[in-house]
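So the structure is just underneath, and the comments pick up after that.
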Amino acid sequence: MPAARVSWTEVDKYADRPNSILVIEDEECLANGLMFQLQRLEYEVALRRDGRSGLEAALEQAHDLIVLDLILPEMDGLTLCRKLREAKITTPIIITSARGSELDRIVGLEMGADDYLGKPFDLAELEARIRAVWRRSQSMSRQILIYGPLHLDCEAHELILNRNRARLTTREYELMSLFMRHPGRVFSREGLLERIWGSSNQNYLRNVDALIGRLRRKLKQIGGDGEWLESMYAIGFRLRRL
Ligand code: CA
């Protein structure tokens, strides 16, 4: 399943809830039920049925939240949780378990999970937890601007694609932030010069081209496509709809 592809406005619309959820659950009936129900609530859901492929999915793609079963084939949920946190993946995790013991809950939270839900649970309860955990993680985490597969860390000034990061200079950051806030919108070179340099001196228009060039290289560097920053002949530049 592709990474979450949402525009900035959709992110705004759904800011109180996650967009994409990775469910790692081996019990077929429950897994299918969860997938169906969460999709009905308009979440984008990816499903993995064992711990190892679950870990791979969580490492490969950015999901907003993970619903993780504890007892899984290939790798148990606690180990998976620990490995994710060791890899500095901070995606919120809700552990679900039929064992329902206090010890599981404590160990789960120690391993870096954000919440624990005993089985059986009903969907309304799970969704309430999903929203609560999400809100909590949002208030603690850095402000990240998301457009399609691209993430822009507004504090570290890093452009992120999957797990690849590129550090941006101040001007590169300002330009990328502008494009990501207005995907698809065309900005003229003069307009960009004015916004980024605060100048209307036409002699500096080449600086705009050079800056675009550097950003394209950084997009490639993190596994993206430089052409995502599209030149519109004689008009300007825009971030292509992803
Ligand atoms: Ca299980």
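Within region 65-85, being more than 10 Å from Ala113 (Cβ to Cβ) and either at pLDDT below 90 or near the ligand (Cβ under 10 Å from one of its atoms) (or both) holds for Asp69, Ile71, Leu72, Pro73, Asp76. Residue selection: Gly118 fails the criterion of being within 16 Å of the ligand (Cβ to nearest atom), at negative phi and buried (at least 20 other Cβ atoms within 10 Å of the Cβ). Only helices (runs of 4 or more DSSP H) whose full extent lies in region 16-112 are considered here, and the ones with at least 2 residues that are in contact with a helix residue (DSSP H, G or I) (Cβ under 7 Å, 6 or more places away or on another chain) and of a type outside the set (Asp, Glu) are 51-60, 77-86, 102-110.
Within region 42-69, residues that are within 20 Å of Arg99 (Cα to Cα) have Cβ atoms under 9 Å from residues that are among the polar types (S, T, N, Q) and within 14 Å of the ligand (Cβ to nearest atom) in these pairs: Gly51/Thr79; Val67/Thr96; Leu68/Thr96; Asp69/Thr96; Asp69/Ser97, counting only partners at least 6 apart in sequence or on another chain.
Applying the set (1) touching a Gly at 6+ places or on another chain (Cβ under 9 Å); (2) free of Cβ contacts under 8 Å to residues at least 60 places away in the same chain; (3) assigned to a loop (DSSP other than H, G, I, E, B) to Glu190 leaves exactly one unmet item: (3).
The values are calculated or read from the model by the stated rules, or taken from the named source; none is laboratory data. These figures come from a predicted structure and were not determined experimentally. Because the Cβ atoms are built from the backbone with ideal geometry, glycine has one as well, and the counts that use them run over all protein chains shown.
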